[in-house]
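Working notes for the structure below.
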Amino acid sequence: MSRTSFRLAAVAVLAAISITGLAVAVPLAAASASHRATTGRSQAVAAATAATVAVRSTSLGRILVNSRGFTVYAFSRDGRGKDRCVAISGCTAVWPPLTTRGSVRAGAGVQASLLGTISLKGGARQVTYAGHPLYTYTADTGPGQTGYVGASQFGGVWQALQSSGRLVG
């Protein structure tokens, strides 16, 4: 399955979720080995440098984004400084942790004192904001997208964050 096909399938599942109001996990069994390898390479490239978190104006107001301007998300099942997505089969393939090497950089509008990291299995360091582990979403195709904020997936809700650390969605 191509990356585009996978994204379209994820969008279709999310549309079904919002129409039915049911929390449905994305069926990842159909995901191809090439997609998993591509996702792994993307995460490795993202982790090769220090992550930057910034603020961007969107349809939901001013929310946190990564260095490419893509929305970053918090997962409602996570505890303060605790990533629970990594323990759910397929979760990080759809919602990759925002990882970093070195210090995390505070972009415009970000409170540097609220930035941090937590250690993941294998030595990766996931970026946190106000204690919330941060993630990206593989189906986001452009900067500032907010269509997936409030999505129910993997037993929780995916929310955006304001610079105050308040959750949105």
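Structure notes:
- Criterion violated by Thr49 - all others in (1) at pLDDT below 95; (2) among the hydroxyl-bearing types (Ser, Thr, Tyr); (3) closer than 17 Å to Leu114 by Cα satisfied: (3)
- Restricted to the range 58-72, and to residues there that are in contact with a Lys or Arg (Cβ under 9 Å, 6 or more places away or on another chain) and polar (S, T, N, Q), the residue that is surrounded by the most Cβ atoms within 10 Å (Cβ to Cβ) is Thr71.
- Index of the failed condition, Val86 passing every other in (1) touching a Lys or Arg at 6+ places or on another chain (Cβ under 6 Å); (2) at pLDDT 95 or above; (3) not basic (Lys, Arg); (4) not in a strand (DSSP E or B): (1)
- Strands (runs of 3 or more DSSP E) contained entirely in the range 120-169, each with at least 1 residues that are under 14 Å from Asp83 (Cα atoms) and of a type in the set (Gly, Ala, Ser): 156-161
- In the range 141-167, the residue that is surrounded by the fewest Cβ atoms within 10 Å (Cβ to Cβ) out of those that are aliphatic (A, V, I, L, M) and closer than 13 Å to Thr58 by Cβ is Val149.
- Complete set of residues in the range 118-138 that are in contact (Cβ under 8 Å) with a residue 60 or more places away in the chain and within 10 Å of the chain's Cα centre (by Cα): Leu134, Tyr135, Thr136, Tyr137, Thr138
Residue-wise test of (1) crowded, with 16+ Cβ neighbours inside 10 Å; (2) not in a loop (DSSP other than H, G, I, E, B).
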site	(1), (2)
Ala74	yes, yes
Thr92	yes, yes
Ser103	no, no
Val110	yes, no
Ser113	no, yes
Ile118	yes, yes
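The values are calculated or read from the model by the stated rules, or taken from the named source; none is laboratory data. What you are looking at is a predicted structure, and each value in this text was computed from that prediction instead of being measured. We place every Cβ from the backbone using ideal geometry, glycine too, and count neighbours over all the protein chains shown.
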